[in-house]
Structures are given as structure tokens and as C-alpha cells.
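The values are calculated or read from the model by the stated rules, or taken from the named source; none is laboratory data. Keep in mind that this is a model prediction, so the values were computed, not measured. With ideal geometry, Cβ positions are generated from the backbone for all residues, glycine too; neighbour counts draw on all protein chains shown.
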């Protein structure tokens, strides 16, 4: 070690003490989301209308065919059923629900709204033998022969049609649930409470999607 001064010896010790330590791992690359295709709304976090929990664990949830004579699945919703037009609820039809169904529930939402999921319609305690809804369900908390209506995100009872801001068309999901219960909920209940009440009681699900833009 002759000829190496004090500073040299310190440097040598630093090399011996730290020279074999592994190098720090490189930072993970930042993964950017794929660009949104032109003409489509930007994706936003979407809460499902209800996690499909069957009435009996292990039992399959039956698929119900939900449709409307006013528009086909994936098509544009006519102006009459939007805030630009008469803002009437569209006519809906569905298959007979599975055996053991005690009531039906329907929720309409917009997963493409700028602030996230937006509720347009909440309807529950629909009689199990009913297989359609007429056009223009009255905006009342309880409609005889049809069921109870909840409060939508416009702050109103009943149906509130598509009313998106100017831009690409939004999707509007009509989701029908066949339930093995009749939820003990009063008229005017919101979607979150209805979705919570029906968990574990779903025997069938039907969905219809329409689009509308301004």
C-alpha cells in the first residue's frame, strides 16, 4: 500500500465496500392508455349497474332478451325519448322471466357521462308476470301495475332521457333484473340502494344499449 496517501486508502475502501453492490433496477416504463378512436367518447371509470350475484350460489343467471320496438340494440335512440324531444320513456319488451321470479327491476344509465356513470331511470317492484313497459311511463313514484320509480341523477322521479353535452354519442344501458325477492324499498329510492338490495337475488339479466349524441 506504499505510495497511497490517506485519501487514496479511503477511496480504495469505498471501492471494495460498495463496488459489488447490485445496480438499482431501472424505473418501470410508463404505460400510456391507448388513444380513443375518433368519434367515440373518452373512457371513464364505470361502476356496473349491479354485480351479477345469482340467487343461489353456483346457479347460472339466465339471460333475458330485452328489446324495444323503437330502436334496435346498438342503434340511435329516437329524439322523442331524449331531452331534446318529448323526453318520454321508450317502450320495452322482454322474455318471460325464469321460474321463482318474484319481481323485476330496471335501471338505465349512461357510462360515458363526463363525471362518470349517470343514472337516468330506476324502476323496481315490477310484477313478475309483466313482459313489457308502455311508452311514456308516468313520472310518478308509484305507477299502478308497473311498479315503483326511484330518483334519477337529474334529481327527479321517473325517466330522464338522454341529454349529453355536445360531442360524440353516448351509450345508454337499459338493464333488466329478474329477482327472487320483491325489494322492501319505498318509492323514490336511488339506484345505489336498489342495486345493494338485489345482490344475491338475481335470477336473470337482460340488457339493451342505445346511443344518442348532440
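Exactly one of these conditions fails for residue 122: (1) part of a loop (DSSP other than H, G, I, E, B); (2) under 26 Å from residue 74 (Cα atoms); (3) touching a residue at least 60 places away in the same chain (Cβ under 8 Å). Give me its number.
Residue 122 satisfies every listed condition except (1).
Inspect all residues belonging to the range 142-155 and state whether any of them is in a loop (DSSP other than H, G, I, E, B), closer than 19 Å to residue 83 by Cβ and out of contact with any strand residue (DSSP E or B) (no Cβ under 7 Å at 6 or more places or on another chain).
So far as the range 142-155 goes, yes, one or more of its residues are in a loop (DSSP other than H, G, I, E, B), closer than 19 Å to residue 83 by Cβ and out of contact with any strand residue (DSSP E or B) (no Cβ under 7 Å at 6 or more places or on another chain).
Is it the case that residue 84 is touching a residue at least 12 places away in the same chain (Cβ under 8 Å), surrounded by fewer than 16 Cβ atoms within 10 Å (Cβ to Cβ), in a loop (DSSP other than H, G, I, E, B) and in contact with a strand residue (DSSP E or B) (Cβ under 9 Å, 6 or more places away or on another chain)?
Considered against the rule, which asks whether it is touching a residue at least 12 places away in the same chain (Cβ under 8 Å), surrounded by fewer than 16 Cβ atoms within 10 Å (Cβ to Cβ), in a loop (DSSP other than H, G, I, E, B) and in contact with a strand residue (DSSP E or B) (Cβ under 9 Å, 6 or more places away or on another chain), residue 84 comes out as yes.
Could you please give the count of residues in the range 156-189 that are part of a loop (DSSP other than H, G, I, E, B), farther than 20 Å from residue 83 by Cβ and either modelled with pLDDT under 95 or touching a strand residue (DSSP E or B) at 6+ places or on another chain (Cβ under 8 Å) (or both)? If you could, list the steps in order and put the result at the bottom.
Restricting attention to the range 156-189, the residues satisfying the condition of being part of a loop (DSSP other than H, G, I, E, B) are 156, 158-169, 180-189.
From what's left, farther than 20 Å from residue 83 by Cβ: 180-189.
Still in the running and either modelled with pLDDT under 95 or touching a strand residue (DSSP E or B) at 6+ places or on another chain (Cβ under 8 Å) (or both): 180-183, 185-189.
The qualifying residues number 9.
What are the residues in the range 149-180 that are buried (at least 17 other Cβ atoms within 10 Å of the Cβ) and more than 21 Å from the chain's Cα centre (by Cα), if any?
Listed by number, the list holds a single entry, 180.
Would you be able to tell me the number of residues in the range 102-119 that are in a loop (DSSP other than H, G, I, E, B) and either within 23 Å of the chain's Cα centre (by Cα) or within 20 Å of residue 69 (Cβ to Cβ) (or both)?
7
Which is over 29 Å from residue 100 (Cβ atoms) and out of contact with any helix residue (DSSP H, G or I) (no Cβ under 6 Å at 6 or more places or on another chain), of 200, 213, 147, 204?
Of 200, 213, 147, 204, the one residue that is over 29 Å from residue 100 (Cβ atoms) and out of contact with any helix residue (DSSP H, G or I) (no Cβ under 6 Å at 6 or more places or on another chain) is 213.
Out of curiosity, is residue 74 within 29 Å of residue 202 (Cβ to Cβ), surrounded by fewer than 17 Cβ atoms within 10 Å (Cβ to Cβ) and modelled with pLDDT under 95?
Here the answer is no, as residue 74 does not meet what is asked.
Would you call residue 91 within 23 Å of the chain's Cα centre (by Cα), modelled with pLDDT under 95 and surrounded by 14 or more Cβ atoms within 10 Å (Cβ to Cβ)?
no
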